[in-house]
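Notes to accompany the following structure.
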Amino acid sequence: MDKKKIVILFTSDVHGKISPYNDQDKSYDGKGYSKVSSVIKDVRNQEEHVIVIDNGDMLQGTPLSHFVFTEKNPTEMVHPVISTCNRIGYDAAVIGNHEFNYGRETLEKAVNDSSFPWLSANVVKKGTEEPYFGTPYLIKEYSGVKVGILGLTTAKIPDWEPDRHIDQFDFLDPVVTAKKWVSFLKNDLSADVIIISYHGGIEKDPITGERLSASNGENQGNEMLAAIPEIDVLITGHQHLVYQGITDNQTAVIQSGTKGEFVGRVDLIVETDKTHFKMINKETNLLSTSKWEADEAITQSLVELEEEVNAWLDEELTTISNLDAMHINEPMHDIWLKEHPLVEWVNKAVMKRTGAEISSTAYFLPHGITFGQSMTRREVHTFYPFANTLVIMEVSGEDIRKALEFSATFLTLDQKGEVIINERWKKPRLLSYNYDMWEGIEYEIDLNKPEGERISGLSFKGEPVSSSKTYQIATSSYRASGTGGYDMFGEEKIIREFPFGIAELLIEELEKLETFIPEVNQNWKFINLSSN
């Protein structure tokens, strides 16, 4: 029998990052599609049979990508992420949840401009089971070995996206959909190898059983493995995990982090002749792009656009009156344990725009940030990097209390009484972006109390918040969806949506200020801490 090696390379959750320089301080971070390109070129030069897949969340996530979507005429140019991936020569891409952030027409143009197919079997035309973007699978054949690649997308997108972005789609259960299409690939198309590229993750380590994320239907990889033993390779994403392994059922499971920090690699050794096929071995690897130089052809293709984007990012919006009050050196002590002027201002800005009297937001970075004397677009896109829209939801006082109690589980005390991050909030990665801080209400947090009993003094306009009354809250579309542990919220409680991103709102508000004056009103605080 003839022995062959088939190599699968993939990226996932690169989030619009092409350049190996970051957009915050322009320092070299060694990630992105320009580095990915060099890895893929090397492997293609070394191996005969190579399949290259992007597993979704390709488009959104950097100021450059956002600039093209919002400041340029999208009908006049191919998005640079798409042109870069065309240049790299991807065989296929999978629809990720963030692909919908800029609306259906923008996504359709990106798909049409791609020289590779976009796969998603469970993203279908409204009211049908017909995949919206055409064929949901790809067949690659190597000297008689048929490889079937099926694309799938997390079904939770309706929880996160406004209706106007997804009103032409339905999102089917990916496990049910996968069973149907894997059967088709095996029985009707005689695929020898089954690869599922799923823009979703795993709730538990498939090998050790260790809990990796909440069980909320967002990451159904474990269900897929249990329901479909025919899977040879399960490519996962969405969680930004760095993970690889071979299960007891001999399925290769792999996830490659984010921003192009790794290229996932799976090597399949097979034996075949005209009548027989046998899988001999599977091996997983994560190739760190830091070990390769950037592809100069790609970096050079961006020079003119990057100059335009950098000039746009560096435009002065306003000046800051007190820099010392603004710098965040270490989030634990500067922003998570006490009110910070940046968070307070974000909350007040959305309250001003919406007319709501209560607001909540998070600090989205796991690290600090420093400011120059002028506040620019660059800083805004650094501390508010997501394409969230703004909504008002109407919730009960009891909902507010439950939300505050949930946020209060982010931090805990160690045996010495020192404040630390709760281990549960570190899986699958640091979930600090789900730790909300509120404006318009007053409350105190006591970490010495049991979880669920840590909030006291909860009041609104000097009166105790009543569990039976309703209150209008301004927040992000992401938070209002109930995602991230806030199951006391939900789409049914949204009463108004604003058709613009929160980052754009913040920029507009800063442009109105002659001077940004950092201030806090101490409407919330931690009590009974030995370090206070």
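The values are calculated or read from the model by the stated rules, or taken from the named source; none is laboratory data. What you are looking at is a predicted structure, and each value in this text was computed from that prediction instead of being measured. Using ideal geometry, Cβ is built from the backbone for each residue, glycine included, and neighbour counts are taken over all protein chains shown. Accessible surface areas use protein heavy atoms only, side chains included; no ligands, DNA or RNA. Shrake-Rupley method; radii C 1.70, N 1.55, O 1.52, S 1.80 Å.
Of note:
- Average projection, convex hull of the Cα set of region 401-447: 3.7 square nanometres.
- Kirkwood Rh in Å, taken over all unlike Cα pairs in region 321-420: 15.6 Å
- Taking a Cβ cut-off of under 13 Å around Asp29, the surrounding Lys, Arg, Asp and Glu residues balance to a net charge of +2, with basic ones at +1 and acidic ones at -1.
- With only the Cα atoms considered, the chain has a convex hull volume of 152 Å³ per residue.
- Most to least accessible of His333, His66 (protein chains only, probe 1.4 Å): His333, His66
- Surface composition of the chain: carbon plus sulfur atoms contribute 46% of the solvent-accessible area (1.4 Å probe, protein chains only, all chains present).
- Each 5 Å bin from zero holds the following percent of Cα-Cα pairs in region 285-367: 3, 10, 13, 12, 14, 14, 11, 12, 8, 3, 0.
- Ratio of Rg to Rh for region 201-294: 1.02 [Cα atoms; Kirkwood radius as inverse mean 1/r over pairs].
- Sorting Asp487, Asp173, Asp248, Asp192 by solvent-accessible area of protein heavy atoms yields Asp248, Asp487, Asp173, Asp192, largest first, with a 1.4 Å probe.
- Note, ³J(HN,Hα) from phi for region 194-211, Karplus 6.51, -1.76, 1.60, rounded to Hz, x at Gly and Pro: 10, 10, 9, 10, 10, 7, x, x, 10, 7, 10, 4, x, 9, 9, x, 4, 5
- Here the chain is scanned for GluC sites (Glu not before Pro) in DSSP loops (not H, G, I, E, B) that have at most 14 other Cβ atoms within 10 Å, and the longest stretch holding none of them is 316-417.
- Rounded to the nearest 10 degrees, the inclination of helix 33-46 to the longest alpha-carbon principal axis of the chain is 20 degrees.
- Cut-off under 5 Å, modelled amide H: who pairs with Gly245 long-range: Val253
- Taking a sphere under 11 Å around the Cβ of Lys469 and counting the other residues whose Cβ falls inside, with K and R at +1 and D and E at -1, yields a net charge of -4.
- Applying Stokes-Einstein at 37 °C and 0.692 mPa s to the Kirkwood radius of region 235-381, computed over alpha-carbon pairs, gives a translational diffusion coefficient of 160 µm² s⁻¹.
- Every helix of 4 or more DSSP H residues in the chain counts as -39500 (n - 2.57), and over all residues that averages to -7000 deg cm²/dmol at 222 nm.
- Environment charge at Pro20 (Cβ cut-off 13 Å; Lys +1, Arg +1, Asp -1, Glu -1): -1
- For the chain, the solvent-accessible area of protein heavy atoms averages 41 Å² per residue (probe radius 1.4 Å; ligands and nucleic acids excluded).
- Along region 174-182 the Karplus relation, 6.51 cos²θ - 1.76 cosθ + 1.60 evaluated at θ = phi - 60°, assigns HN-Hα couplings of x, 6, 4, 5, 5, 4, 4, 6, 5 Hz to successive residues, with x for each Gly and Pro.
- Cα-derived Rg to Rh of region 377-514, Kirkwood definition: 0.99
- Mean shadow area of region 124-172, taken as a quarter of the surface of its Cα convex hull (nm²): 4.0 nm²
- Considering only Thr135, Pro63, Val145, and ranking their Cα positions along the charge dipole of region 59-183 that arises from unit charges at the beta-carbon of Lys, Arg, Asp and Glu, the one farthest toward the positive end is Val145.
- Each residue of region 417-428 was assigned a 3J(HN,Hα) from its phi angle through the Karplus curve 6.51 cos²θ - 1.76 cosθ + 1.60 (θ = phi - 60°); the sequence is x, 7, 6, 9, 7, 4, 4, 5, 8, 9, 10, x Hz, with glycine and proline shown as x.
- Trypsin sites (Lys or Arg not before Pro) within region 394-474: DSSP coil, no more than 14 neighbouring Cβ in 10 Å: Lys416, Lys461, Lys469
- All-pairs Cα distance distribution in region 51-185, expressed in whole percent, bin size 10 Å: 12, 43, 34, 11, 1
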